[in-house]
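One structure is given here, and the rest of the page talks about it.
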Amino acid sequence: MTVSVSLGPRLQTVASFVPEGANLGDIGTDHAYLPISLYEDQKIAKAVAIDVHEGPYQSALAAVKARKLEDVIDVRFGDGLMPLEVGEVNVLTLAGMGGRTMLEIFLARPDILTGVTDLIVQPQGAEGAVRLTLLDEGWRLKAELLVEEEDRIYVVMAFSTEAGWKMTELIEIEQAWCDRLHPVIVERDEQMPEAEFKSLIHRLVWHFGPLVLGEHTNLLNKLFEEYRGRLSRQLKQMEKSKSPEIVEKIREVSLTLALVEGLRQWR
């Protein structure tokens with residue numbers, strides 16, 4: 001008798017965004033727990049589970065065989081999307097890898113993406129680059145959700161070709177934050193060029209996520225505190241320097257801290 005698969009909060013969130021009846025490609029599948037759980041919950045039709053590392057690949061094979069699911073979950077060894085055929089899957093999940101790595105995976109096989117309607121990604125780093133790159137390539141941002149697992153906060157993003165926010169609509173959200181936070185500059189009596197101010201807002205909005213910022217949750221507040229903590233430590237280190245070149249950087253970090261506080265306080 002096999003033990004039922006139990007997903008942690010991070011993969012549960014990824015699973016929640018997978019459309020019903022999907023032909024799933026799970027990239028970096030590890031133990032194949034995500035496709036196994038989705039199939040046993042009757043949410044997907046079939047899956048291809050891929051991993052580039054021998055150990056996780058063998059673990060995935062063993063888990064699928066133990067459940068006698070070889071006919072519906074095909075475990076493959078390989079790098080990114082390389083083991084896939086065009087049109088074989090219509091939904092992709094990628095979780096637990098760097099955001100830059102995800103973008104490299106997509107860039108290597110653009111032909112696979114032509115048949116994909118939904119991307120669900122959970123990047124670890126470079127979240128802003130993932131958002132902006134996929135939106136620039138025509139994807140729509142359906143949703144993004146913060147989730148905590150083992151005292152670490154992650155963001156899960158769902159992109160679609162058919163539904164969700166377009167880049168132009170999200171740029172309007174960014175502009176709204178510029179308008180809301182401009183008084184922060186005025187209060188500090190900063191003579192900052194508008195382009196520089198907008199650049200800082202752009203960086204913050206796409207780092208935290210335009211949709212994430214629309215929901216003032218406890219996790220978002222915790223994320224703000226973590227970010228402010230990193231900036232504060234960075235500022236203390238820079239203030240020890242005697243270099244005149246560091247003065248402008250100190251000013252930028254100090255202002256960024258004030259803007260993050262503005263984001264946190266806004267309701």
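The relative contact order of the chain, computed from alpha carbon pairs under 8 Å that lie at least 6 residues apart in sequence, is 14 percent. Relative to its residue count, the stretch 195-252 spans a Cα convex hull of 76 Å³ per residue. Taking a straight Cα-Cα cut-off under 30 Å and skipping sequence neighbours fewer than 8 places away in the same chain, the lysines within cross-link reach of Lys142 are Lys43, Lys46, Lys166, Lys198, Lys222. Taking the Cα centre of the chain as reference, the dipole from Cβ charges on Lys and Arg (+1) and Asp and Glu (-1) amounts to some 640 debye. Solvent-accessible area assigned to carbon and sulfur over the chain amounts to 50 percent, based on a 1.4 Å probe.
Using a 1.4 angstrom probe and counting only protein chains, how large is the accessible area of Arg188 in Å², to 10? Approximately 90 Å² of Arg188 is accessible to the 1.4 Å probe.
Can you return the lysines within cross-link range of Lys240? Criterion is Cα-Cα under 22 Å, with same-chain partners fewer than 8 residues away left out. Result set, ordered by chain and number: Lys249. Only Lys, Arg, Asp and Glu carry charge here, each on its Cβ (+1 for the first two, -1 for the last two); on that basis the stretch 121-213 has a dipole of about 200 debye about its Cα centre. In whole angstrom, the stretch 24-70 maps to an equivalent ellipsoid with semi-axes of 17, 12, 7, each derived as √(5λ) from the alpha carbon gyration tensor and ordered largest first. Accessible area per residue for the stretch 81-120, computed on protein heavy atoms with a 1.4 Å probe, is 41 Å². Compared with the rule-of-thumb size 2.2 N^0.38 Å for a compact globular protein, the stretch 52-150 has a Cα radius of gyration ratio of 1.17. Measuring how big the stretch 1-121 is from its alpha-carbon positions, Rg and Dmax come out at 13.1, 42 Å.
Take Arg230: with every protein chain present and a 1.4 Å probe, its accessible area is about 110 Å².
Distance from the Cα centroid of the stretch 49-85 to that of the stretch 105-120 is 19 Å (rounded to whole angstrom). Relative to 2.2 N^0.38 Å, what does the C-alpha radius of gyration of the chain come to as a ratio? Two decimals please. Normalised Rg, Cα atoms only: 1.15. Summed over the residues of the stretch 196-267 and divided among them, the accessible surface reaches 55 Å² per residue at a probe radius of 1.4 Å. Relative contact order of the stretch 17-102, taken over Cα pairs closer than 8 Å and 6 or more residues apart, is 38 percent. With the charge dipole of the stretch 1-121 set up from +1 on Lys and Arg Cβ and -1 on Asp and Glu Cβ about the Cα centre, the Cα lying farthest toward the positive end among the listed residues Gln12, Leu24, Leu81 is that of Gln12.
If you plug the beta carbon distance of Ala163 and Arg76 into 1/(1 + (r/R0)^6) with R0 = 25 Å, you get a FRET efficiency near 0.25. As a ratio to 2.2 N^0.38 Å, the alpha-carbon radius of gyration for the stretch 85-198 is 1.29.
Taking a Cβ cut-off of under 13 Å around Pro83, the surrounding Lys, Arg, Asp and Glu residues balance to a net charge of -4, with basic ones at +1 and acidic ones at -1. Dipole check for the stretch 33-130: with +1 at the C-beta of Lys and Arg, -1 at the C-beta of Asp and Glu, and the Cα centre as origin, the magnitude is about 160 Debye. Ligands, DNA and RNA aside, Glu70 has an accessible area near 90 Å² when probed at 1.4 Å. Given their separation in residues at 0.36 nm each and the Cα-Cα distance between them, Asn23 and Glu174 gain 50.9 nm when the chain is fully extended.
Between Val184, Val205, Val89, the residue with the greatest mean-square fluctuation in the GNM of the chain (Cα pairs under 10 Å linked by springs) is Val184.
The values are calculated or read from the model by the stated rules, or taken from the named source; none is laboratory data. These numbers come from a predicted model, not from an experiment. Virtual Cβ from ideal backbone geometry, glycine too; neighbours counted across all protein chains shown. Note: areas computed on protein heavy atoms with side chains; ligands, DNA, RNA excluded. Shrake-Rupley method; radii C 1.70, N 1.55, O 1.52, S 1.80 Å.
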